[in-house]
Amino acid sequence: MLSGFKWQNKTMSSKQCPVCGMDVPSSEVTTEHLGICYHFCSQQCLENFTIRPKLYLGIKSEKQKGKSVIKKRSFVLDAPVPESGADALKAALSEMMGIREVVISGANVSITYDLLEATAMQIEHTFEKAGAKLGSGWAGQLKRGWIHYTEENELDNLASTDAACCNKPPQRG
């Protein structure tokens, strides 16, 4: 035992959003992961971190390497956006973390975003909050479901560590 050394049970704290990198001086949006309290600039960043913390933490994480996964998706609304509502919808979408560009043309909305900061599902929720309804046809629903599935797989693959598989046995020694 070391003499004169006192163990202190302190919770470490990070004041930078691990998802987007913004400085967060004080935040009510926090979570604890492995004894460390993380602060977030938004509920969206907290949601992304909670689902896949390995994607944002550690030296080998994709976010720490400075990687971006840029996606460009088109969303079709059930009705064209009137000019009076286009600015409000564009502003609501642009407030999301990771949104790079929003182009509205009638009922079509083209969005460029960083998958490490925003997902198509989160974008769809923002449409709903802004009062815009996505097309309800079966083809549109199938397309959106496929996009959700592929994004989830891509994020899971980015968050996973290198492991051995049947074609690449583990190295020894």
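Nothing in this text is a laboratory measurement; each read-out follows from the coordinates by a stated rule. Because the structure is a prediction, the values reported are computed rather than measured. Neighbour counts are summed over all protein chains in view; Cβ atoms, including those assigned to glycine, are modelled from backbone coordinates with ideal geometry.
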| Hey, can you rank 138-150, 32-44 by average C-beta count inside 10 Å, highest first? | 32-44, 138-150
| query | At a Förster distance of 41 Å, what's the computed FRET efficiency of Gln43 paired with Arg172, Cβ-Cβ distance as r, to 0.05? | reply | 0.35
| note | For Gln43, the net charge from surrounding residues (Cβ-Cβ under 14 Å; K, R +1; D, E -1) works out to -3
| Which net charge results for the neighbourhood of Tyr149, defined as the other residues with beta-carbon distances under 15 angstrom from its beta-carbon, given Lys and Arg at +1 and Asp and Glu at -1? | -1
| remark: Note, Ile104: beta-carbon cut-off 12 Å, +1 each Lys/Arg, -1 each Asp/Glu, net -2
| said: Suppose the chain between Glu154 and Ile36 were pulled fully straight at 0.36 nm per residue; how much longer would it get relative to their current alpha carbon spacing? | reply: 39.8 nm
| note | Checked segment 70-155 with the C-alpha gyration tensor, a ≥ b ≥ c its square-rooted eigenvalues, rounded below a/c of 1.5, otherwise prolate if a/b is larger than b/c and oblate if not; verdict oblate
